[in-house]
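Okay, structure first, notes after.
The values are calculated or read from the model by the stated rules, or taken from the named source; none is laboratory data. Bear in mind that the values here come from a model prediction, so they are computed numbers and not experimental data. Cβ placement follows ideal geometry from the backbone for every residue including glycine, while neighbour counts extend to all protein chains displayed. Quick note on the areas: whole protein, heavy atoms, side chains included, nothing else; ligands and nucleic acids left out. Shrake-Rupley method; radii C 1.70, N 1.55, O 1.52, S 1.80 Å.
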Amino acid sequence: MAAPVLQAQIDINAPVSKVWALVSDLDNMPRWSPQCRLMKPLGQLREGARTVNINRRGRLFWPTTSRITELVPERKLAFRVSENGTVWSYELEPTETGTRVVETRHAENGVKAVSNLLVNSLLGGVPDFEQELVEGMNASLTRIKTAAES
């Protein structure tokens, strides 16, 4: 069974506007995420817009689609993955020295049964996969920090 919430955060020594430009450019998601190989918005970045995505773990590739559920410039970007029902979000808040970014995977309502079945049979089980997701979140945020502070 999926954890209701997975989360990571980081403080970045850069203004919110610069961090937002990096986070909200979904074409760059493969630069940040160790698992994402493609995140292509279909049309303009706006609430309701869809994306086509390709993820990878080792030799295994799988496509997903998502819909942007929340878009508040320089504050929050969230999208729901159609295949499993999870919602991923990036929330930005100004700090004294820059920006705090919180990345969250929401599964408070669980995930679709087929997703659990595939994770358990192909990706090493839910607990191990979720640990890998949190490690990936931390890696993503570190990569965003490096880009924003350069």
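Annotations for the structure displayed:
- Where a residue in region 17-32 is closer than 14 Å to ALA139 by Cβ and its partner, wherever it lies, is open to solvent by 30 Å² or more (accessible area, probe 1.4 Å) and modelled with pLDDT of 95 or more, with Cβ under 7 Å and at least six apart: PRO30/ARG37; PRO30/LEU38; ARG31/ARG143; TRP32/ARG143
- Tabulated pairs, region 39-54, first without any contact (Cβ under 8 Å) to a residue 12 or more places away in the chain, second open to solvent by 100 Å² or more (accessible area, probe 1.4 Å), C-beta under 9 angstrom, 6+ apart or interchain: LEU42/ARG50; GLY43/ARG50
- Condition met for ARG57 (basic (Lys, Arg) and either modelled with pLDDT of 95 or more or within 19 Å of ILE12 (Cβ to Cβ) (or both)): no
- Inter-residue pairs, beta-carbon under 6 Å, first of a type in the set (Gly, Ala, Ser) and in region 131-147, second part of a helix (DSSP H, G or I), 6+ apart: SER140/TRP32; ALA147/LEU22
- Yes/no for ASN28 being open to solvent by less than 60 Å² (accessible area, probe 1.4 Å) and closer than 20 Å to ALA2 by Cβ: no
- If you go through region 55-69 and pick out every residue that is more than 18 Å from LYS112 (Cβ to Cβ) and more than 13 Å from the chain's Cα centre (by Cα), you end up with 6.
- Top-ranked residue of region 1-23 - restricted to ones that are open to solvent by 60 Å² or more (accessible area, probe 1.4 Å) and in a loop (DSSP other than H, G, I, E, B), ranked as nearest to PHE129 (Cα to Cα): MET1
- Filter result for GLU93 (under 19 Å from LYS145 (Cβ atoms) and either open to solvent by 60 Å² or more (accessible area, probe 1.4 Å) or of a type in the set (A, V, I, L, M, F, W, C) (or both)): yes
- Residue among THR64, THR99 that alone is hydroxyl-bearing (Ser, Thr, Tyr), in contact with a strand residue (DSSP E or B) (Cβ under 8 Å, 6 or more places away or on another chain) and either farther than 30 Å from ASN13 by Cα or open to solvent by 20 Å² or more (accessible area, probe 1.4 Å) (or both): THR64
- Per this entry, GLU47 is not counted among residues that are open to solvent by 80 Å² or more (accessible area, probe 1.4 Å), touching a strand residue (DSSP E or B) at 6+ places or on another chain (Cβ under 9 Å) and at pLDDT below 95.
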